[in-house]
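The values are calculated or read from the model by the stated rules, or taken from the named source; none is laboratory data. What you are looking at is a predicted structure, and each value in this text was computed from that prediction instead of being measured. Glycine also receives a Cβ, built like all others from the backbone with ideal geometry; neighbour counts cover every protein chain displayed. For the accessible areas, the whole protein counts, side chains as well, though only heavy atoms, and no ligand, DNA or RNA atoms are used. Shrake-Rupley method; radii C 1.70, N 1.55, O 1.52, S 1.80 Å.
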Amino acid sequence: MNPPAADKLRASLSQGNWDRALTQLERLDPQVAADLFMSIPFEDQEVLFRQMPVEFAATLAGIFPYYHTYVLLHSRPVDELNAIVDKMSPAARMQFIDELPAEAWQRLMNELQTPHDAAAAAAPELAAPAIPHAPLEAPIIEARHIEKRFQRPDGTSIQVIAPTDLAVEPGIIIALLGPSGSGKSTLLRMLTGLAPTSAGEVLWHGKPVAECAPNVAIVFQSFALFPWLTVLENVEVPLVARAMEHPERHRRAIQSLASVGLTGFENAYPKELSGGMKQRVGFARALAVEPEILFMDEPFSALDVLTAENLRGELLELWLGKKIPTRSIFLVTHNIEEAVLLADRIIVLGRNPAKIRADFRVPLAQPRERNSAEFLLYVDYIYKLMTQPQLEAGPPVPGETKVPYQVLPHARRGTIAGLLELLGDRGGKEDLYRIADELHLEVDDLLPIVEAAVLLAFAKSDKGDVEITPEGKAFAEADISTRKRLFRDAALSHVTLLQQMHSALANKSDHTMSLEFFRDLLREHFPDAEVQRQIETALNWGRYADLFTYHADSDRLSLDELGVGARDH
Amino acid sequence: MAPKQEKPLTGLLRDLPIILAVIALFYALLSLTRYWTGPVNTQPVIHLQPGALPKYALFSLARITVAYFLSLIVTLIYGYVAAHNARAERFLIPLLDTLQSIPVLSFLPPVMVAMVALIPTRQLGVELGSIVLIFTGQVWNMTFSVYSSMKNIPRELLEAAQVYRLSWWQRFVQLELPYSAIGLVWNSMMSVAGGWFFLMACEMFVLGNRDLRLPGLGSYLQTAANAGDTRAILWGVSTMVLVIVMMDQLIWRPIIAWSQKFKMEQVEALQVPRSPILDLLRRSKFLSTAAAITVTPAREALGLFFARRHLAPRPNRVARKFPAAWILGIAALLGLLYAVVQMLIELGRLTLPDFRAILLGTGATFLRVELTLVLAGLWTIPVGVYIGLRPKLSAITQPIAQIAASVPATALFPIVLLFLIRVGGGIGIGSIVLLLLGTQWYLLFNIIAGASSIPTDLKEVCDVFRLSRVEHWRRLFLPAIFPYLLTGFVTASGGAWNASIVAEYFHFHGQTISTTGLGAVISRATDSSNFSLLLGATVTMAALVVTINRLLWRRLYVLASTKYKLES
């Protein structure tokens, strides 16, 4: 603290001389100025902040605690708020946004995207809930409370998609983002009418989807081309289905192929083409029908990085140049950067069961810079959302009081050790997207590893960062046999399924048990495919931890004698 | 790319064989029609001089061809319905499983009686009977193949078809049929080969007091065997081999080469089956013109017709559909019930000696089939692995083995029997030799395929660790070829049971030679029109084959596809 400076400032304030107060502050070292600023009454802070030049305000805002910055920012009109955030140093802005609670974040993001109009400039109220973007035009699709359940043989059902409301409005690219197995593709199929909903309804222009045969097209991850047809014939397939006759059909197909740069390949067979070219055919086929909404189900996932990037760029170019005869694009992806790169609106899906965790606009101008601060803000935020499953735990639904069973993240124990070692090298803490970037891992691959480390209490995850715990540090630095012991301790104290397996085996007189018993146990809580993955992960961990051995031939678990021996010593 | 400027004469010369072939085909059809619509002659004299052979070969070929197309139509309908209608599937697939295990001869009496009753005054009646008989030996595996192909179409392809709203016709022609093509072609070849195998039984048979025979290669061979005419037998066998090899070159090779485009592969294979005949057909101006004025417009019109119908709104379609399906289902159920009751009544007529014959025969044939499989395995496993591990050798031996395999064992049987009788063995050994001749090829080909797919690195590991020869077999070869071996054994086992009806009972030198066995019981019951015995023996065989499939092979399949699968 700087007593003389503080006294001078107070004097200026008591005289109501705001200009002088500002000049005094600006002359000081920013850190000192910030401290000083914080020491004056809040009402004065607000008045003073409102009059501050944008640059200076940005400098100070980068130093205040985030809640303080947040409140002060809202004392200024929206366009100025925008400018201030813009002027903050990238690191400071990142930290500020990083620390904001999700609701405040979403609210701020919405404000930042709002065009500079006067109505929005009116002083906002903090207590108001986050406003999802307001669609300007009538939606093309409206999904009302759609949900998906899978029937189990015993008559009960498992919910894979919780009741969801979703509207698709014209004129934008929407990205549906979520970890794998979260039900993204199922949701897409329900919206297109490919898959029935278990409850709720999907309306296209107000009519149920089953009745109106909507004009849609899907670009598939695996391309879904007919290998026995030439490129041209493949593009003509949907046109034949629309009873379009020969010369016109031919013309339309050629035109569609030309728009994706495939002129000259009409008579090639798909297997003669590279992956990227195949997906172009997929696009041409989809565009040929001039769909009202173009659906894309992980269209770039099966391609190599460069091809995917190239194709994304071309798609965007076509879309921005209004050369795509479609009103909206609905993209399903697990690639966060892809979503931020392309989408005007991002919907983040959580899993078990799938539900919308966030739904927000991305107001960044196209083309977007992957390394720009704004871009990274969005990427970081989505990481934060996806690593904090409890973030938006809704109110308990009546009738479903069953305590959710612990879900094992599908990570091999070797990758967990790898992550911990990396964290150890990085001084114990790191941003998730940086790790993903560095290891060339997609979020889909990275998240389970992080979740596993957190589950085992080897790491903590907070706001898009991972931090190693003392246990994790011990593990990362231990030798092979100690690691096994540490892993075993962690598994037995934190992993429900492994606890159950171990105690069941220990309590049986012959110390062996059929694995099917545990599969049955899990079937109470998960669909079959998930049961399989849970068991696989449990086996991977349990075998490493010497909790048991598994005999594939007889499908039985037995207590690991070596493990028991080791513990007895 | 074909050169742009081409002398018209060269084009015509190239098309000449095709045009001639079309004319020949037309003439053959004409003469066949004349024969089929002629009056009944069930006792034609089968001439044994070689000059009669071309005509007989044509007749047999025509029967097999018609039977094949009949099989194809039934296969497509049956497979399509079973794959698309879950309710029908539950009933159709077990039925198919059972039908497949019934030997051809057991179909003979009901089929013949029905056909002759249907068209009593024309040769066509008996001919149709024979064709349906051949059909019953061809159709089932084709149907299974189409059904399982259609059930296994990748999900995203189906979704593409659904989201782009393909009519059922377009979906069938552009997705389901092409996807089934490879399996269908392969099974068609097997089926037609099976047709040749049972040709002798299908062209000449006794039905009660009537001795029916139809002019053809099968009856020629049978007559020659009856007369003990070695020269005629050799002529007949040579003709048959010639016809089969020509069919292979002129029909199957081109079809296989053509069907490669239906492979679900993402990248182009390095080695593609080729056929000069196919190249000739593809380059032909005559054919492409013919296709341009017939097939192309027809395809276009059909596609558009079904698309328009699909797009048109169809009000209360569901309401109309239900009663028809119900009536059909109830009718089928009643028919089945009636058949079961009749069968039980027929079975009730079985006498104690009948039971003893069936029981004894089952035991004997069981031992014979298993012995055959063991013998076949003993020589094919080492030879197959030896060939399969040496790509150069297998390139040479494969075509030879394929020709050898295409010769139906039944055609050789008279020669084998003649030889065995001369050296002192009887039909006891003869039947095993015949079964062996008929079944060993399945095993050999599968083993060669298995051995050639063993990855080099695994072989190198075994060499590096200096595994002994025994260890090589125990640790690498046998586990690696296990899935292939199993496929071979399953096909061979089914084939052997079915072949026992011709192997255990034979008309030779004017007398009937037979040995104890279920196949002999069935053949004898057919000859003597003892329907209850025929039914009893057939049910026993079908039940046994289905049971063995379920209890033994299917379990081993699971093991093969989990533990012994070499994953790439």
With A:Ala213, A:Ala199 as the choices, which residue is within 14 Å of another protein chain (Cβ to nearest Cβ) and either farther than 30 Å from A:Ala358 by Cβ or modelled with pLDDT under 90 (or both)?
A:Ala213
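Conditions (1) over 25 Å from the mean Cα position of the chain (by Cα); (2) under 30 Å from A:Lys148 (Cβ atoms); (3) at pLDDT 90 or above, marked per residue:
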| position | (1), (2), (3) |
| --- | --- |
| A:Ala217 | no, yes, yes |
| A:Val231 | yes, no, yes |
| A:His250 | yes, no, yes |
| A:Ala253 | yes, no, yes |
| A:Tyr269 | yes, no, yes |
| A:Gly275 | yes, no, no |
| A:Phe300 | no, yes, yes |
| A:Val305 | no, no, no |
Here are some conditions: (1) assigned to a strand (DSSP E or B); (2) under 22 Å from B:Gln170 (Cβ atoms); (3) more than 13 Å from chain B (Cβ to nearest Cβ). A:Ile218 meets all but one. Which one does it not meet?
(3)
Does any residue in region B:152-163 that is more than 12 Å from A:Pro238 (Cα to Cα) and at the interface with chain A (Cβ under 9 Å from one of its Cβ atoms) come within less than 6 Å, Cβ to Cβ, of a residue that is among the acidic types (Asp, Glu) and open to solvent by 20 Å² or more (accessible area, probe 1.4 Å) six or more places away or on a different chain, and which pairs are these?
none
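Can you name the helices (runs of 4 or more DSSP H) wholly within region B:466-568 that have at least 2 residues being within 14 Å of chain A (Cβ to nearest Cβ) and over 19 Å from B:Asn141 (Cβ atoms)?
B:554-562
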Can you find a residue that is open to solvent by 30 Å² or more (accessible area, probe 1.4 Å) and away from every other protein chain (no Cβ under 14 Å) anywhere in region B:164-178?
no
Hey, does region A:520-533 have a residue that's more than 14 Å from chain B (Cβ to nearest Cβ), touching a Leu at 6+ places or on another chain (Cβ under 8 Å), open to solvent by 40 Å² or more (accessible area, probe 1.4 Å) and not in a helix (DSSP H, G or I)?
no
Which ones in region B:188-228 are in contact with a strand residue (DSSP E or B) (Cβ under 8 Å, 6 or more places away or on another chain) and in a helix (DSSP H, G or I)?
B:Glu203, B:Gly218, B:Ser219, B:Gln222, B:Thr223, B:Ala225, B:Asn226
Scan region A:316-338 and report the pairs whose first residue is over 14 Å from A:Ile173 (Cα atoms) and whose second residue is among the charged types (D, E, K, R) and not in a strand (DSSP E or B), with Cβ atoms within less than 6 Å and a gap of 6+ or a chain change.
A:His334/A:Asp444; A:Asn335/A:Glu442
Every pair of residues 6+ apart whose Cβ atoms lie under 7 Å, when the first sits in region A:257-277 and is within 9 Å of chain B (Cβ to nearest Cβ) and closer than 25 Å to A:Gly321 by Cβ while the second is small (Gly, Ala, Ser) and not in a helix (DSSP H, G or I)
A:Gly275/A:Ala302
Selection within region A:1-15 - surrounded by fewer than 15 Cβ atoms within 10 Å (Cβ to Cβ), of a type outside the set (Gly, Ala, Ser) and modelled with pLDDT of 80 or more
A:Asp7, A:Gln15
Condition check for A:Ala34: in a helix (DSSP H, G or I) and either touching a strand residue (DSSP E or B) at 6+ places or on another chain (Cβ under 7 Å) or over 29 Å from A:Asp344 (Cβ atoms) (or both):
yes
What single numbered condition from (1) within 9 Å of chain B (Cβ to nearest Cβ); (2) open to solvent by less than 30 Å² (accessible area, probe 1.4 Å); (3) under 18 Å from B:Arg171 (Cα atoms) fails to hold for A:Thr192?
(3)
Counting only residues that are open to solvent by less than 20 Å² (accessible area, probe 1.4 Å) and over 24 Å from B:Val490 (Cβ atoms), give me the helices (runs of 4 or more DSSP H) lying completely in region B:48-149 with at least 3 of them.
B:53-84, B:104-118
Of the conditions (1) without any contact (Cβ under 8 Å) to a residue 12 or more places away in the chain; (2) within 26 Å of B:Trp196 (Cβ to Cβ); (3) among the β-branched types (Val, Ile, Thr), B:Val521 clears all except one; give me its number.
(1)
Could you say whether any residue in region B:25-40 is open to solvent by 40 Å² or more (accessible area, probe 1.4 Å), at pLDDT below 75 and within 17 Å of B:Leu280 (Cα to Cα)?
no
Tally of residues being among the charged types (D, E, K, R) and touching a Leu at 6+ places or on another chain (Cβ under 9 Å) across region A:432-450:
2
Members of region B:249-277 found to be in a helix (DSSP H, G or I), modelled with pLDDT under 80 and either surrounded by 15 or more Cβ atoms within 10 Å (Cβ to Cβ) or among the hydroxyl-bearing types (Ser, Thr, Tyr) (or both), listed by number
B:Ile277
Restricting to region A:170-183, name every residue that is open to solvent by less than 10 Å² (accessible area, probe 1.4 Å) and either outside the structural domain of A:His334 (by TED's automatic domain parsing) or within 15 Å of A:Ile346 (Cα to Cα) (or both).
A:Ile173, A:Ile174, A:Ala175, A:Leu176, A:Leu177, A:Gly178
Among the residues of region A:455-496, what is the count of those that are buried (at least 21 other Cβ atoms within 10 Å of the Cβ) and among the β-branched types (Val, Ile, Thr)?
3
Residue count, region A:237-254, condition under 24 Å from A:Glu292 (Cβ atoms), within 10 Å of chain B (Cβ to nearest Cβ) and open to solvent by 10 Å² or more (accessible area, probe 1.4 Å), comes to 6
In region B:494-520, how many are out of contact with any strand residue (DSSP E or B) (no Cβ under 6 Å at 6 or more places or on another chain) and open to solvent by 10 Å² or more (accessible area, probe 1.4 Å)?
11
